[in-house]
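Step one of this worksheet: look at the structure below.
The values are calculated or read from the model by the stated rules, or taken from the named source; none is laboratory data. These figures come from a predicted structure and were not determined experimentally. Counting neighbours? That spans all protein chains shown, and the Cβs are built from the backbone with ideal geometry, glycine included. Please note that ligands, DNA and RNA were not included when accessible areas were found on the heavy atoms of the full protein model with its side chains. Shrake-Rupley method; radii C 1.70, N 1.55, O 1.52, S 1.80 Å.
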Amino acid sequence: FFLSFSFSRQTTFQDGGEEVEDGAVYNVTLKKVQIQQAANKGARWLGGEGDQLPPEHTVRQYETSKIRAIKAGTLEKLVENLLTAFGDADFSYISIFLATYRAFASPRAVLELLLDRFGNLETSSHGEVANLNSLESEMVLRVEIASVLRAWLDQCSEDFREPPDYMCLLKLLDYLKNNMPNTDMESRVQKLLKQFQNQEVEAVDGFCSTSSSDLVDGEELEISNPEEFSSFQDHVVAEQLTYMDVMLFRRVVPYHCLGSIWSQRDKKENKNLAPTVRATITQFNAVTKCVISTILGTRELKIQQRAKIIEKWIHIAHECRILKNFSSLRAIISALQSNSIYRLKTTWMCVSKDILLMYEELSEIFSDHDNYLTSRELLMKEATSKFANLDSSEKENQKKSQKRLQLQKNKGVMQGTVPYLGTFLTDLIMLDTALQDYVEGGLINFEKRRREFEVIAQIKLLQSSCNSYCLVPDQKFIQWFRRQRHLTEEESYKLSREAEAAADTNVLSPKSQKSMVKRISTLFLGTDVFTPPKEQPPKSSPVGGSSGESTDSASVSSCEFNHSETEDVCVTPVSSPEDPLKKVQLRPLHAGSDSNKGSDSSKGSISDPSSGSDSGSIPTRDLGLVPSSAPKVLPVYNRQSGGSCIIRVSMDGLHASVYKSILITNQDRIPDVTQRALLKHNLEPDAVEDYELVQVISEDKELVFPRDANVFYGMNSHVNFDFILRKKA
């Protein structure tokens, strides 16, 4: 009889430990593939069932291969690894390196190493080239260099935009003329150089600028006319906001979002840093302020008219949800949750029940529960889907949603997904705070870059999905949107009190940790309400949480980074060792201190995620080396775990939303943390003795630490991990 064989493959991975070379450390994984050989004809003659041989007649073969992934190394080794990564079966290395190398090197430094040291066939020390005179070896090196350069041009061509000299592109072109003449690569670089030279510098914030220079001659900034705003259909407004968001999000350069880069933009010399991220933030703030100005800008509006405008914005938010535009959706929700809008008790009572329920469902998308798990899961679920996945617990809203969605499907046009960028900025800043840039021996910690790339890859995926949108600009709406004069926080608060002065002392405060929307629902249904403390006028800070003159220094939404103001505290107390703190005293806050941490004005502010971290440099005090296998659970804000946590430190006298995130361990004492906080705030680290660090317990209490106290064990873990750095009297 005849036997014909089939093969089934089973793959297992085994940790192979580490390999250490001069200037590099590698993680080794053993990939073991079992090939089970079985007969499908004649197997029954040997007593097999069906087409399978009995176990004693099964032939098993094993193939074992080694996968090396660089964990840490010098810059030279990391660049050299670009040429050997495929041989080591580390297939994603080139993409990870290109997406993150700007955190530790410049394009010129990488290009010089790649071309001068490893790309020079006469002097190259590249290990795979055993015989430099061998034509085969030269061809191998040429192919490797070409593949790296091709990937660089494909994925990060903006790295070569260096007007007016374009030194890197000229250097690359010179190399190609000498080593790869008359190739497609040379032609491509020439075209790119010509394109850059002929292009005018594009204003990435062209759609969201509100400066008078962007207006047509004779036009001035104005407060919205309610009738003009009402003339725009809800879906048209949502489509135009999505159009502007898509144009800006597609331009975002992913490495601009890296925590070590984005957190540095407050320094004077970095005022033009990360312009693509600043543009999306400016647009977010513009949408939020537009919502507020349309509701409060006209004093003559009656309560019912103002309620109709709120309803219209809720409908627009719902249309944004159908278009999968989570950026403008969150901007609208943040505006409606701002202090000046939220306090309009009588107005909210005039909003219909169905629309309030719709608002509640939209707000729940951005619930801060479990690190914003709902919005994260929804974003990833819809990242590559053709249309939105709409679910509603209210039947009428469900019918409307499905009807609008069906209209979209009937057009036969797929949709992309515009994310709320603050989520990614948060993750990248926390990664930058929790993981060190360098490990033992001064080697660059590339494991940190792999973790960052997991976030960067999501941004790139969503940018790619945005190509599916087919939206046409409506110049009438865009001009209207640009003309809107944005109210400062003081102005909006004043107008809000004028609109409903009678309810000034008995309004619900967003400071409460429960869902604001649910409380509005209880208002409508007539249940009992509580009377909070008397409202305080907001501090001199705009809706954006920054100075009124500069909206781009603000960022996206306090709901993400300043969630200490809105979230329920959920931490596990850690038992302290014996006598960890000499003495702790509680005292009232000074009049000049920042006591607005939990103020209701912060609920809807558009604060700065980037302020959450500023860890572009290595702290002066070493926190310990990154272990061979990084912990899967990183230190987080508001929770002590594994002997570490992240705290937020703001400077006394500044707005509460302007803070820096700092990693502390159970070994850190007051001088160490104070010095690190000073560095983060760009102050002299030697002035430690001139400052004191206190933890904000409540609006009228704070925790003062003795000079040598252990911060980790001495802090109150039952309240938000918010600290103030104050100059001693």
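A convex hull fitted around the alpha carbon atoms of the range 262-345 yields 110 Å³ per residue.
In Å², what does the accessible area per residue of the range 225-316 work out to with a 1.4 Å probe?
On the way: 3220 Å² over 92 residues.
Counting only protein heavy atoms, the per-residue value for the range 225-316 is 35 Å².
Here His318 sits with roughly 20 square angstrom of accessible surface, probe radius 1.4 Å. Just name one of Gln640, Pro671, Ile697: the one whose Cα is farthest towards the positive end of the charge dipole of the range 636-727 (beta-carbon charges, Lys/Arg +1, Asp/Glu -1). In the range 636-727, that residue is Gln640.
Restricting the calculation to Cα atoms, the range 636-727 yields a radius of gyration followed by a Dmax of 11.9, 33 Å.
When its C-alpha radius of gyration is set against 2.2 N^0.38 Å (N residues), the range 229-493 gives a value of 1.07.
The protection proxy used here, the mean number of other Cβ atoms lying within 10 Å of each residue, ranks peptides 176-186, 325-335, 479-489 as follows, highest first: 325-335, 479-489, 176-186.
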